[in-house]
Structures are given as structure tokens and as C-alpha cells.
Amino acid sequence: MLDSIIKFSIKNKLVIGIMTLLLILWGSWSATKLPIDAVPDITNNQVQIITLCPTLAGQEVEQLVTFPIEQSIANLPDLEETRSISRFGLSVITVVFDDDVDIYFARQLVNEKLKEAEEKIPKGIGTPELAPVSTGLGEVYQYIIHPKKGSEHKYNAKDLRTMQDWIVARQLNGTKGIAEVNSFGGELKQYEVAVNPNRLKAMGVSITDIFNALEKNNQNTGGAYIDKKPNAYFIRGVGLVTSLEDVKNIAVKNTGTVPIFIKDVAEVRFGNAVRYGALTYNGEVDAVGGVVMMLKGENSNEVVKRIKEKLPVIQKSLPDDIVIEPYLDRTDLVGRAISTVEKNLIEGALIVIFVLVLFLGNLRAGLIVASAIPLSMLFALGMMNVFGVSANLMSLGAIDFGLIVDGAVIIVEATLHHLGLRKSINKLTQQEMDNEVFVSASKIRNSAAFGEIIILIVYIPILTLVGVEGKMFTPMAKTVGFAILGALILSLTYIPMMCALFLSKKVSHKKTFSDKMMDYLQGIYQPLLQKAIKIKYWLVGVTVAVFALTLFFFSRMGGEFIPQLQEGDFAFHCILPQGSSLNQSIETSMQASRIIKQFDEVKMVVGKTGAAEVPTDPMPPEATDLMVILKPQDEWKTKKSYTELGDEINEALEVIPGVFFEKNQPIQMRFNELMTGIRQDVAVKIFGENLDSLAIYADKVSKVIQTVNGATSPQVERVSG
């Protein structure tokens, strides 16, 4: 069969040429459609249930909200894990399903059970809702809205938040690939009725009367229509309030002939909702921002491009002295990751081409073999698009060009060797050349094919990995497999055709530079081999001893699942003592931001304290994420490494007493939290019925962990107090 393929390829050069051109077109088109990201998305298949209950403490949230929901969803099919957070005013339940379950089917199953759970939750406490369909890589674009220099006092936090909610977020919504635009910081504008207790008592009005009056007098109603030939008149009752004056003039009750209005017993004004989170900018202002969350499975590069296309239009809708400034843009990280891959691939290809030309001793032969590299890559890109594998640092960075050209080198080298054995020095005809290439390629075909197949078999165990390991390494194995499969097909079709067409038909027996170099190396190697055979027992003994020593050192080395990706920015987790107020957290985080901003390498510092209105990242008020956005490394005035800068910032923050700081990276921190419920690398979970007992055991575990060398100060999550 392989002989037939090789013979067909040599005889039908035009057909192979057209198929090669189609491969180039298909691969190039696939490259433009391929999802691009920095790293594989390893988030497990999860659905989050969020319930806001502003009036309840943590214990009541657990008993009245979290527990009934967990009980309702306990029997869902393909359920792997359920974990929850119950804090003041907030319940977040994460439901993890098997990876094979479609996310929208999983959400439908959860939604059906939530109807059952709502009946068990006391009325008026809170309504469970599903979080956006997003992942750990979902926060693709984060920005802040702030006034230009000189206009800082012109707008307050309420004005900025209103612009974010009613101008920026509304126009970003509807962009293809976006799951949610989550507003963060500022003051959420509300109509506020501040009752005067003395007036209420004097006029005999209760709080219930106020509630009822506001509820009943703030709605539009519809009726039927009156048919008055030739027209029909539709009946509509307009009672929706549109201003503070409308609220003031709502009647509460009548005392005889004189009505009592809201303005008689209360002050009506603009207020703000109770804040559970805040955003700060460079430690100077209480800012407002937004987090754009990408829909699961979308192409982050394309989504961010669409967002950026909309921003100039949105900017025109804002006042001239208000600026939308991004601080975390996924395309920056993707660009750095892909440029690293491109640089490594180009350098690798050039080295392989140089070595091929040098050792084959024939420029044409070297270029023929080298041409298999881009063609195999295009085949791999096409197959990645078919099988939905994204282009990232793991999938593309693992490609080894030495493996790819292995089959092609065997075919070309065999052809050159076979031509060199000819005694005739006459120029070959095309038919003779075709025959020579076929004979040489058919003799060596099994070696070429089996060599590639053996390499492919090595990657099969990786394809069987599941869970986080599978999501991380399977794309790599698939991509390398596609590239090797493409190289195998090319070595049996394209390479023989190119050899027959472009290799020199004039046989030369003159020694090339490559032949002289190999003779020289052979002259050094042969005496060494003879000496090694004479002392074979000593040589084996030394080899075994070195191997044993290597095993000893290997057992003492530290280990890591994968090397950490340098995202180019830092995320410092800032935790105050439990019970700290939101204002205290804001003040401390702003102090930390000012310290960090003193470093010349830092471009800006954005602090996210507490939780947003849609708490996909449910932090307590005493916790802050400081996003440290760095300048490009080529703009740094010092020769510090990325890690050294992080350590220096961490050391500088130690001047703030009683606050725990932890260095991390934005995506890494989000991955950890979504997959395990915690942001740190290692967590110890203690299960039991009694909260007081759990707190005691948690403190004991903390003391034990403090004795472990290399561990940072452990943080115990408080369940009471």
C-alpha cells in the first residue's frame, strides 16, 4: 500500500502539487479561525448559584438559603462536587459537573431544582440566580472610569457609577461573545425616603403605611379600549414616578379632608445602596469600573477586539472629561504568549534547516526537507480547527521540528545515498529520476513510517488524561500528533514528488563539505568506541553510578505541576483582620497602592475591595485584590527580574502592620478560586457539625502548618464572630 502511494505521488506530480496548494489554503484559513488564548482553559464544568440576602448574618444565610439549595440539587445526575460560601448578605454555591455534560444542559438541570428550593426559602429573603456562563479565563477585559486631571472634584462616585451602569455597560451588552458586564465600585444611585419618626407619631402614620403608599402609587396600569367609530381609544393609567417631586406628592392617608403626603412625614432625596465592595485607582481615588466576562468557549482574542471596536463610540457618549481606561486586557497577555511561541518556532525551524543543509551536504535536499516544517504546521492548524483545539503556549509551544522532519530526512537521505551508488555520471532523464526515487523511497518506506508512528504512540497515554491534567496536556498531545501525522503523510507523498522533481539529475561523486566533516567525526569516534569496548565493565559501572546519583538528586528536588506562566502583571491579595469595615479596607488598600506605585516599573494599581453587585468573586469587605499593572519589561530602568520585583513589592508592603499580603497573578488567582474555592496553592478543609469545634480545630491545624518550612503564614477562614 505504501509503495502504491509513493508511486502515485511520483507519477502524478500535478495532483500532489494541487493537493499541497489546497493544504496551504486550508491551513492558512484555519489559522484565522483558530481560538487563541495564552493558556488552556482548565476550569472544571461548573454552575454557580448566587443569592443576595442583604439582611441576614452568615449563620442565617447558611441555614435559610444555602442549605435548602444544596439539598435540592444533591441528586442531580453527573454531579461531581458541591461547595458553598455563606457570608453576611450573600450565598454562593458552586456546582461542579462531569466534563462531558453540556454546560447549558447542566444549567437547565440546576434551574429546575432552584424552583423547588425557592419554596423552602422564606419569602422575601432572597431569590437564587445563576452566575454568568463563564470560566477562569472569562475576565478578558477590565477597565475603570475616571475624570481627567483637573476634573476630579466635578464628579462624585454616584455620578461615575451611573455613567457605568447606564452608558458604558448598556452599550457593551449585546457584543458577541460577552456573558456579562459586571459593574464594580462607586455608589449605586437610589431614591431614598428618610422618614422623620416625630412627624410619623404626630400624624399617626406607620412605616407600613409608607411602604404601602409607595408600592401602590408607583405603577402604570392598563385597561381595555373604547370603540368610537372611526377611532379606537386605548385606556392607560399612568402612575409611575419619574422624579423626586412625584415621590414627595404621593398621598399616604387622609385625615378628614386633608391628605398626608410623603413630603409631610419624610425627606425625599437621592441616596445610594449599601456597598459591599469598592474600587480604587492608584491609591488616590474611590473609582468605578467594569469587568467584561467572556462566554464560555468563545475566542478571547476576537471578543476583546469587538470590545475595543465599541469603546470609541461609547467614549463619545460620555462627557469630554471622563475617560475609560483599561487595566487588564487579555490580548496583551495573548500577544506576549503567541510572540514567544512564534519566536521559538522560527528559531527552531532555522536551526533545523541549518543542520539539515550542513549534514545532508545538499542545499536542495535541505530545503525540500525544511519545506515539510511549514506544511506540517499548516496541517496541524487545520486539524486543530476541526477538533476545537485552541492555539496557546501549551499546544503550539510543544511542537518539536526535529520529530516532524524525521520521516522526510530518511526519504531524502536514502534517495541521495541511492543516487550516489550509481556508477554512471550521465545526466538522468525525468523517467529515470522518478524510478530512482521510487526504488530508494520504497526500500526505506517502513523505516520512515514506523519512525513517525512510534513517536505518535508515545503521546497516546497523554490523550487518556482526565480532569485538570487532561485539559492542560491533551491539547499539547493533539497538536503534536496532528503535526507528526501531517509529516508522515507528506513524507510518503510530497517529499518523494519533490525529490523526483527538484533534486539534481546529474550525479556527482565529488566529496562535499558534509562528507569531509562526517569523515573527520568518524575518525574521532572510531578510536573512542574501540577504547570503550575494552573497558566495557568499568564504563557500565560508572554509568550505573551516575544514574544512581542522578536519582538521589532528583528525589531531593522540588516539584511543580507545570512552570508558572509569567502573566506580566501581579495580583496582591490584601487581607485585614476579620470584622474590618469596608471604609477601613479601602483606606488600607489605598495606602498599599501608594507604596506599590512608588516602584518605577509599575504603571498603575487598581484595588478591588469586597464583592460587586454580581458577586462572581465573593470576597468579604476585609479582603482586597490589588491589581498591579506593570510597564513593558523593555521600559524598566533596572535589571530586576519579574520574580525579584514581586518579592521587593511584597517586602515594601510589610510596613503596614496587622495586614496579610500574598503575591499572585490575576489569571492564576482566578483559576485557583474557581476550581478549588480558595486562592492559595494548598488548602486544608475540616468537616464537622459544630461551628465552634471547627474553629478550634482550624486554629490547631494553623499552628501545625506554621512549622512547615517554605509555607507562608496560614489564613484561617472565620465561621463565627
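The values are calculated or read from the model by the stated rules, or taken from the named source; none is laboratory data. All values derive from a computational prediction rather than experimental measurement. Here the Cβ is made from the backbone with ideal geometry for all residues, glycine too, and neighbour counts use every protein chain on show.
Among the numbered conditions (1) at pLDDT below 90; (2) part of a strand (DSSP E or B), the only one that Val95 does not meet is (1). The strands (runs of 3 or more DSSP E) found entirely in the range 561-659 that carry 2 or more residues being touching a helix residue (DSSP H, G or I) at 6+ places or on another chain (Cβ under 8 Å), without any contact (Cβ under 8 Å) to a residue 60 or more places away in the chain and not aliphatic (A, V, I, L, M) are 623-630. Within the range 157-212, being polar (S, T, N, Q) and under 23 Å from Lys316 (Cβ atoms) holds for Thr162, Gln164, Gln171, Asn173, Thr175, Ser183. Of all residues in the range 194-212, those satisfying the criterion of being touching a residue at least 40 places away in the same chain (Cβ under 8 Å) and surrounded by 12 or more Cβ atoms within 10 Å (Cβ to Cβ) are Val195, Asn196, Arg199, Leu200, Met203, Val205, Asp209, Ile210. Being surrounded by 10 or more Cβ atoms within 10 Å (Cβ to Cβ), farther than 30 Å from Leu279 by Cβ and hydroxyl-bearing (Ser, Thr, Tyr) holds for only one residue in Tyr225, Tyr191, and it is Tyr225.
Which of the residues that make up the range 109-147 are in a helix (DSSP H, G or I) and not assigned by TED's automatic domain parsing to the domain that holds Gln71? Selection gives nothing.
Starting from residues that are among the hydroxyl-bearing types (Ser, Thr, Tyr) and either part of a helix (DSSP H, G or I) or modelled with pLDDT of 90 or more (or both), keep the ones in the range 7-50 and report whichever is farthest from Glu432 (Cα to Cα). The residue in question is Thr32. Condition (residue is under 14 Å from Gly277 (Cα atoms), among the β-branched types (Val, Ile, Thr), touching a strand residue (DSSP E or B) at 6+ places or on another chain (Cβ under 9 Å) and surrounded by 18 or more Cβ atoms within 10 Å (Cβ to Cβ)) applied to the range 597-611: is it met by at least one residue? Scanning the range 597-611 turns up at least one residue that is under 14 Å from Gly277 (Cα atoms), among the β-branched types (Val, Ile, Thr), touching a strand residue (DSSP E or B) at 6+ places or on another chain (Cβ under 9 Å) and surrounded by 18 or more Cβ atoms within 10 Å (Cβ to Cβ). So which of Lys639, Lys603 is modelled with pLDDT under 85 and either closer than 30 Å to Arg87 by Cα or among the charged types (D, E, K, R) (or both)? Answer to the selection: Lys639.
Just so you know, in the range 580-589 the residues that are out of contact with any Asp or Glu (no Cβ under 7 Å at 6 or more places or on another chain) and under 18 Å from Pro618 (Cα atoms) include one that is surrounded by the most Cβ atoms within 10 Å (Cβ to Cβ), and it is Ser589.
The set of residues in the range 62-84 being in contact (Cβ under 8 Å) with a residue 24 or more places away in the chain and closer than 15 Å to Glu129 by Cα consists of Val65, Thr66, Pro68, Ile69, Ser72, Ile73. Scanning the range 569-596 for residues that are of a type in the set (A, V, I, L, M, F, W, C) and either assigned by TED's automatic domain parsing to the domain that holds Phe88 or in contact with a strand residue (DSSP E or B) (Cβ under 7 Å, 6 or more places away or on another chain) (or both) yields Phe570, Ala571, Phe572, Cys574, Ile575, Leu582, Ile586, Met590, Ala592, Ile596.
Scanning the range 335-379 for residues that are buried (at least 22 other Cβ atoms within 10 Å of the Cβ) and under 30 Å from Ile178 (Cβ atoms) yields one hit, Ala337.
Report yes if Phe234 is surrounded by fewer than 15 Cβ atoms within 10 Å (Cβ to Cβ), of a type in the set (A, V, I, L, M, F, W, C) and either farther than 12 Å from Ala213 by Cβ or in contact with a Lys or Arg (Cβ under 8 Å, 6 or more places away or on another chain) (or both), otherwise no. Spell out the reasoning first.
Details: surrounded by fewer than 15 Cβ atoms within 10 Å (Cβ to Cβ): yes; of a type in the set (A, V, I, L, M, F, W, C): yes; either farther than 12 Å from Ala213 by Cβ or in contact with a Lys or Arg (Cβ under 8 Å, 6 or more places away or on another chain) (or both): yes.
Here the answer is yes, as Phe234 does meet what is asked.
Within the range 58-67, is there a residue that is farther than 30 Å from Asn282 by Cβ, assigned to a loop (DSSP other than H, G, I, E, B), at pLDDT 85 or above and not assigned by TED's automatic domain parsing to the domain that holds Ala611? The answer is no, given that none of the residues of the range 58-67 is farther than 30 Å from Asn282 by Cβ, assigned to a loop (DSSP other than H, G, I, E, B), at pLDDT 85 or above and not assigned by TED's automatic domain parsing to the domain that holds Ala611. Taking the range 482-498 as the range and being among the polar types (S, T, N, Q) and buried (at least 24 other Cβ atoms within 10 Å of the Cβ) as the test, only Ser491 passes.
Scanning the range 666-686 for residues that are crowded, with 20+ Cβ neighbours inside 10 Å and at pLDDT 80 or above gives a single hit, Pro666. Among the residues of the range 218-239, the one identified as at pLDDT 85 or above and assigned to a loop (DSSP other than H, G, I, E, B) is Pro230.
Is it true that Gly126 is touching a residue at least 60 places away in the same chain (Cβ under 8 Å), crowded, with 19+ Cβ neighbours inside 10 Å and either in contact with an Asp or Glu (Cβ under 7 Å, 6 or more places away or on another chain) or farther than 18 Å from Leu295 by Cα (or both)? For Gly126, the condition - touching a residue at least 60 places away in the same chain (Cβ under 8 Å), crowded, with 19+ Cβ neighbours inside 10 Å and either in contact with an Asp or Glu (Cβ under 7 Å, 6 or more places away or on another chain) or farther than 18 Å from Leu295 by Cα (or both) - is met.
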